[in-house]
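The structure under discussion appears below in the form of structure tokens.
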Amino acid sequence: MHPTEAARAPVARGDILELVVEKFADRGRSLARIGDAGFVVFLEGAVPGDRVRAQVRRRKGRFAEARVLEVLDPSPLRTTPRCEYFGVCGGCKWQHVSYPAQLEMKRQAVVDALTHTGGLDLATLGVTVPPTMGCDEPYFYRNKMEFSFASARWLTDEEIATGADFDRDFALGLHVPGRFDRVLDLHACYLQSEWSARAVNATRDFARSHGWEPWDARQQRGFLRHLVVRTPAHVDERMLNLVVSRHDAERMEQFAAFVRLALPETTTLIETVNDSPAQTAFGDSRALFGPGVVHDRLGPFTFEIGPNSFFQTNTRQAERLYDVAAGAAALGPDDLVYDLFCGTGTITLWLARYARHVVGVELVEEAVAGARASMLANGVDNCTFVAGDMLRVLTPDFFSEHGAPDVVVVDPPRAGLHPRVAERLADARPPRLIYVSCNPQTQARDLAILGAGRAYAITTVQPVDLFPHTAHIECVVGMERRE
């Protein structure tokens, strides 16, 4: 920042400000302004309509970031958080905001991204962003949760205030934001299911009573690393996956006997060995009992889910998301579809019901193998799956081999499309382009490269909430080529 610009900035790090919060902003933050020039201050945890005392944490050129010290006058959009761990746990950061207000926050995030990052004049283009499609039940919506063991337990202010003598050397729960080594010892969680909480509590009691050592992330030692719980939405099956640092046959036999007795609803128990420094729940897996997989349905399709499989975490909202994508594609029985970044083929199969043929492309070979297996298991015969890096796969030869697509659907990672992939799609000019994204910012950036509002008319914009109480948002944008 130029020195003269710094001198004009109305705040400095450490300043205490009284602010009236104006609106929601990107990444779950809120925005307030100060001074005649409307200098922007971003806040976390504040709600539009709040009057707060806040302290500036950093200043970056034309804006500052601050943390709320005190809510002087609460916004009517606020509500009482359901969870006792709210404000400390990193799982839900928006439980203090009413669910309708959360949905509006996410709609506004899409509007802001399309306008500021994508450079689109929505009014001139005649594009309206409708209300975010919300969950019927914004709690207990996840079909998978990953809990961490730690030898360093983080105590909440309420726990400290009791004066009780807590065991700080063992925790099973979720990480405190920004602390890779500290874990909240959760006894309740409203993200997955009541059974999930019961499984966590039972596992903790068993492990502590047997003296099993939780993982020390700093010293890179210990036995217990993670507990992964899968509870399918449409199929009455349950998976527990105990991730450990080394195989111990005697311990695993003890734990399996305990789970059969204490958690008889468990249909399969997995042991996964992760002996690497990486703080992940992946490794070599084997079934201690049961088939080693669970199943779930998306629409009419049944999918097999292993311990390391990716599957949409919110099953019911994923079905709505796919319905929106299929509607935006406006498929006909003669259409050829490309589904790029197809993962395990869930969208591919969904679209195949309405099209002549769907070609799915995905980098991860294991995911492609799963997609082919799901296609066969569900009796679908009009899909082709290709494994490879999109930058190398999506060439003129690929278009020649598989045919010119009538519709291209892309659902890339949060980072969005590689610029050259976006350019190749823009050059190919398919009649319809459907962009499904979990990151409105990169989506808007890519839409500009693809020619949204110029080469393509925007026909659909629909935010869908798959993750209530967080800032995450899925969005479907449908486009038709201008002739």
### Message
On the basis of being of a type outside the set (D, E, K, R), closer than 30 Å to Asn314 by Cα and at pLDDT 95 or above, does His247 make the cut?
### Response
no
### Query
Here is a list of conditions, (1) modelled with pLDDT under 95; (2) in a helix (DSSP H, G or I); (3) of a type in the set (A, V, I, L, M, F, W, C), and Ala188 meets all of them except one; can you say which number that is?
(2)
### Message
I'm checking my understanding of the structure. Among residues of the stretch 80-104 that are part of a loop (DSSP other than H, G, I, E, B) and among the polar types (S, T, N, Q), which one is nearest to Gly45 (Cα to Cα)?
### Response
Gln95
### Query
Pick from the stretch 202-252 the residues that are without any contact (Cβ under 8 Å) to a residue 24 or more places away in the chain and assigned to a helix (DSSP H, G or I): which of them is farthest from Ile305 (Cα to Cα)?
Ser209
### Message
Restricting to the stretch 279-298, give me the number of residues that are assigned to a strand (DSSP E or B) and within 25 Å of the chain's Cα centre (by Cα).
### Response
7
### Query
Picking from Val52, Val97, Val111, which residue would you name as being surrounded by 17 or more Cβ atoms within 10 Å (Cβ to Cβ), over 24 Å from the mean Cα position of the chain (by Cα) and β-branched (Val, Ile, Thr)?
Val52
### Message
So, Phe180, is that one closer than 25 Å to Ala278 by Cα and either of a type in the set (Phe, Trp, Tyr) or loosely packed, with under 14 Cβ neighbours inside 10 Å (or both) or not?
### Response
yes
### Query
Do we find a residue being touching a residue at least 40 places away in the same chain (Cβ under 8 Å) and more than 24 Å from the chain's Cα centre (by Cα) anywhere in the stretch 73-88?
yes
### Query
charged (D, E, K, R) and under 26 Å from Ala448 (Cα atoms), is that true of Asp411?
yes
#### Entry: Selection from the stretch 253-278 of residues that are part of a loop (DSSP other than H, G, I, E, B) and surrounded by 14 or more Cβ atoms within 10 Å (Cβ to Cβ)
Leu263, Thr266, Thr267, Asn274
### Message
Can you say whether Ala197 is of a type outside the set (Lys, Arg) and buried (at least 22 other Cβ atoms within 10 Å of the Cβ), as far as the supplied structure shows?
### Response
no
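Every residue, every condition in (1) in the same structural domain as Asp406 (by TED's automatic domain parsing); (2) of a type in the set (A, V, I, L, M); (3) assigned to a helix (DSSP H, G or I); (4) buried (at least 24 other Cβ atoms within 10 Å of the Cβ), yes or no:
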| position | (1), (2), (3), (4) |
| --- | --- |
| Gln441 | yes, no, yes, no |
| Asp446 | yes, no, yes, yes |
| Arg454 | yes, no, no, no |
| Ala457 | yes, yes, no, no |
| Thr460 | yes, no, no, no |
| Leu466 | yes, yes, no, no |
| His469 | yes, no, no, yes |
| His472 | yes, no, no, no |
| Cys475 | yes, no, no, yes |
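One line per residue, one yes/no per condition, for (1) over 19 Å from the mean Cα position of the chain (by Cα); (2) outside the structural domain of Gly403 (by TED's automatic domain parsing); (3) farther than 14 Å from Tyr435 by Cβ:
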{"site": "Thr315", "(1), (2), (3)": "no, no, yes"}
{"site": "Glu319", "(1), (2), (3)": "no, no, yes"}
{"site": "Ala325", "(1), (2), (3)": "no, no, no"}
{"site": "Gly332", "(1), (2), (3)": "yes, no, yes"}
{"site": "Asp335", "(1), (2), (3)": "yes, no, yes"}
{"site": "Thr348", "(1), (2), (3)": "yes, no, yes"}
### Task
Collect the residues in the stretch 423-439 that are assigned to a strand (DSSP E or B) and closer than 23 Å to His402 by Cα, keeping them in residue-number order.
Arg432, Leu433, Ile434, Tyr435, Val436
### Query
Can you name the number of the only condition in (1) part of a loop (DSSP other than H, G, I, E, B); (2) touching a Gly at 6+ places or on another chain (Cβ under 9 Å) that Asp169 fails?
(2)
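Answer yes if at least one residue in the stretch 432-440 is within 24 Å of Phe399 (Cα to Cα) and within 15 Å of the chain's Cα centre (by Cα), and no otherwise.
yes
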### Query
What residue, of Ala37, Ala54, Ala66, Ala46, is in the same structural domain as Ile16 (by TED's automatic domain parsing), within 16 Å of Glu18 (Cβ to Cβ) and either assigned to a loop (DSSP other than H, G, I, E, B) or of a type in the set (Phe, Trp, Tyr) (or both)?
Ala46
### Residues of the stretch 353-367 that turn out to be under 12 Å from Val407 (Cβ atoms) and buried (at least 21 other Cβ atoms within 10 Å of the Cβ), as a count
3
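Listed here are the residues, each with its yes/no results for (1) surrounded by fewer than 18 Cβ atoms within 10 Å (Cβ to Cβ); (2) in contact (Cβ under 8 Å) with a residue 24 or more places away in the chain; (3) over 20 Å from His469 (Cα atoms).
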| residue | (1), (2), (3) |
| --- | --- |
| Val47 | no, yes, no |
| Glu65 | yes, yes, yes |
| Gly90 | yes, yes, no |
| Met133 | no, yes, no |
### Message
Condition first: assigned to a helix (DSSP H, G or I), under 19 Å from Gln441 (Cα atoms) and among the polar types (S, T, N, Q). Now tell me which residues in the stretch 106-150 satisfy that.
### Response
Gln108, Thr115, Thr117
### Message
Of the residues Arg420, Arg392, Arg414, only one is surrounded by fewer than 16 Cβ atoms within 10 Å (Cβ to Cβ), part of a loop (DSSP other than H, G, I, E, B) and either modelled with pLDDT under 95 or in the same structural domain as Thr344 (by TED's automatic domain parsing) (or both); which?
### Response
Arg414
### Query
Which members of the stretch 369-379 meet the condition of being in contact with a Leu (Cβ under 9 Å, 6 or more places away or on another chain) and without any contact (Cβ under 8 Å) to a residue 40 or more places away in the chain?
Ala371, Met375
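The values are calculated or read from the model by the stated rules, or taken from the named source; none is laboratory data. Keep in mind it's a predicted model, so treat the numbers as computed, not measured. Cβ: placed from backbone, ideal geometry, glycine included. Neighbour counts: every protein chain shown.
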